[in-house]
1. Could you point to the residue in S121, M154, Y7 farthest towards the positive end of the chain's charge dipole, with +1 and -1 charges on the Cβ of Lys/Arg and Asp/Glu respectively?
2. Give the cross-link partners of K148 among the lysines, using a straight C-alpha distance below 26 Å as the criterion and excluding same-chain residues fewer than 8 apart.
3. Using only the Cα atoms of the stretch 10-49, build the gyration tensor, take square roots of its eigenvalues as a ≥ b ≥ c, and label the shape rounded, prolate or oblate: rounded if a/c is under 1.5, else prolate if a/b is larger than b/c, else oblate.
4. May I ask you to list the residues of the stretch 65-87 whose amide nitrogen lies under 14 Å from a point 7 Å from Cα along the Cα→beta-carbon direction of S121?
5. So which cysteines in the chain don't have a second cysteine's C-beta under 4.7 Å from them?
6. Of S22, S44, S65, which has the largest mean-square fluctuation in a 10 Å C-alpha GNM of the chain?
7. So how tilted is helix 123-136 from the main axis of the chain? Cα-based, degrees 0 to 90, rounded to 10.
8. Among (1) 29; (2) 20; (3) 37, only one was calculated for this model; which label is it, if the read-out is percent of Cα pairs over 28 Å apart?
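We did not get these values from a lab; they are worked out from the coordinates using the rules stated. In this text, all values refer to a predicted model and were calculated from it rather than measured experimentally. Positions of Cβ are generated from backbone atoms using ideal geometry, with glycine treated the same way; all protein chains shown enter the neighbour counts.
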Amino acid sequence: MSGQHTYSISTNWTGNKGIGTSGYRDYDRNFAISAENKAVINGSSDPAFLGDPTRYNPEEMLLMSLSSCHMLWYLHLCSAAGVVVTDYQDKATGIMEETANGSGHFTSVLLKPVVTVANESMVVKANELHHKANEMCFIARSVNFPVKHEVKCMVRI
């Protein structure tokens, strides 16, 4: 598959308490993201910025994008290489630093995939393929900070 791909979503701010953004504490940071024929994702800002802690924030969604993109490429590469993955879990962590003017940026992301493969002979190749998945991941290739990996591979019992 090649060519250009276009993605569309709608973001709707749902945090107007009736007086709009008249003051910093006068509005909620809640929003809803939707795409045609898909479930709505309810978001907010990070609680440090007056967000709702029960909703996903944009920083978490960036981590989700990096983690899931890596996983999907990794599973594809394993399938093509004859590595049978029977389980995959990741606990991703990102570091964002605030700057003096109030903005901020991510300085790094660490993916910690725990992969289970069908037999011992697949472990070396399974570990190697994480590097290729990182090279192929559309999202990791689009960010300006390092996306590192701390991989654990186990054999199905």
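1. Looking along the dipole axis, the top candidate is S121.
2. The reachable lysines, counting only those whose Cα sits under 26 Å from K148, are K91, K112, K125, K132.
3. It comes out oblate by the Cα gyration axes.
4. 82-84
5. Cysteines of the chain left without a disulfide-compatible partner: C78, C153.
6. Top of the fluctuation ranking is S22.
7. For 123-136 against the chain, the angle is about 40 degrees.
8. Computed from these coordinates, percent of Cα pairs over 28 Å apart corresponds to label (3).
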